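*Asks:* Before I ask anything, here is the structure I am working with.
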Amino acid sequence: MQRNTQSSRTAVEQLLLSEAVKRSFPNEPGEFLPIPRGAGVAITTVGMTPDQAFLQQVLTGWLGQQGYLVQKDGKDATHRVDVVVEALGTELSGTFMGMPPVQSQFIPFSLPELALYKSQYQTGYAKFHLNVFGLPAGNFLGSTSAFLADAYYNDYTLLFVLSHTFTDLPSVPEMGSFNRKPAGARGENKSE
């Protein structure tokens, strides 16, 4: 028997969300905000998810890489960037044919799930846009187009034990493998 997680989100869910956020940023450098590079900006975030704090921190780093001076307290900021989080989360769906786990009060043991075929499809999704305002007046300068991306992790089981995973994540935790290697030993670059 295997439990999925001891934390509030599984590692795969966290990777799906962080990868979707990372992929939503444009690869090509360009002018995405209607303000000059080097301008001091303050960032606020609004959305319907507690994960918006994570998005704000990643966006802070990205704006810094683009040449903007992100102000922590906003006192010296010449512009305010409002991050409007439209969606940030994971979706899970699946198909199951077989016998679900059985637990009985009359029989002193339980039977595990017996899957003839089982599939689970999990997708991380990020969609947000930025509204830019001039300070101190607060005049609206413009909005960006939507930053949008997703990442997927699909898991299949056939005839009880044959399983395979398809994903577009660069590195995912391996579970239940006899040949498992620690994450750093798989050839991943830890500095990314």
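Results for (1) of a type outside the set (Ser, Thr, Tyr); (2) closer than 29 Å to Arg9 by Cα; (3) out of contact with any Pro (no Cβ under 9 Å at 6 or more places or on another chain), shown as yes or no for each residue.
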site: Lys72; (1), (2), (3): yes, yes, yes
site: Asp76; (1), (2), (3): yes, no, yes
site: Glu86; (1), (2), (3): yes, yes, yes
site: Met97; (1), (2), (3): yes, yes, yes
site: Pro100; (1), (2), (3): yes, yes, yes
site: Gln103; (1), (2), (3): yes, yes, yes
site: Pro108; (1), (2), (3): yes, no, yes
site: Glu113; (1), (2), (3): yes, yes, no
site: Lys118; (1), (2), (3): yes, yes, yes
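*Asks:* I'd like to know if segment 22-40 contains one or more residues that are among the aliphatic types (A, V, I, L, M) and without any contact (Cβ under 8 Å) to a residue 60 or more places away in the chain.
*Replies:* First, the residues of segment 22-40 that are among the aliphatic types (A, V, I, L, M): 33, 35, 39.
Filter once more, keeping what is without any contact (Cβ under 8 Å) to a residue 60 or more places away in the chain: 39.
Within segment 22-40 (the criterion being among the aliphatic types (A, V, I, L, M) and without any contact (Cβ under 8 Å) to a residue 60 or more places away in the chain), the answer is yes, since at least one residue qualifies.
*Asks:* Of all the residues that make up segment 51-89, how many are closer than 15 Å to Gly38 by Cα, open to solvent by 50 Å² or more (accessible area, probe 1.4 Å) and under 21 Å from the mean Cα position of the chain (by Cα)?
*Replies:* Adding up the residues that qualify gives 1.
Residues checked against (1) crowded, with 16+ Cβ neighbours inside 10 Å; (2) among the polar types (S, T, N, Q); (3) in contact with an Asp or Glu (Cβ under 8 Å, 6 or more places away or on another chain):
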position	(1), (2), (3)
Gly124	yes, no, yes
Asn139	no, yes, no
Thr144	yes, yes, no
Thr157	yes, yes, no
Thr165	no, yes, yes
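*Asks:* Can you name every residue in segment 109-122 that is open to solvent by 60 Å² or more (accessible area, probe 1.4 Å) and assigned to a strand (DSSP E or B)?
*Replies:* Scanning segment 109-122 gives Leu111, Leu114, Leu116, Tyr117, Gln120, Tyr121.
*Asks:* Does segment 90-108 hold any residues that are among the hydrophobic types (A, V, I, L, M, F, W, C), open to solvent by less than 100 Å² (accessible area, probe 1.4 Å) and in a strand (DSSP E or B), and which are they?
*Replies:* Phe96, Met99, Val102
The values are calculated or read from the model by the stated rules, or taken from the named source; none is laboratory data. These numbers come from a predicted model, not from an experiment. All Cβ positions, even for glycine, are placed from backbone atoms using ideal geometry, and neighbour counts span all protein chains on display. Protein only, heavy atoms only, side chains kept; ligands, DNA and RNA dropped before computing areas. Shrake-Rupley method; radii C 1.70, N 1.55, O 1.52, S 1.80 Å.
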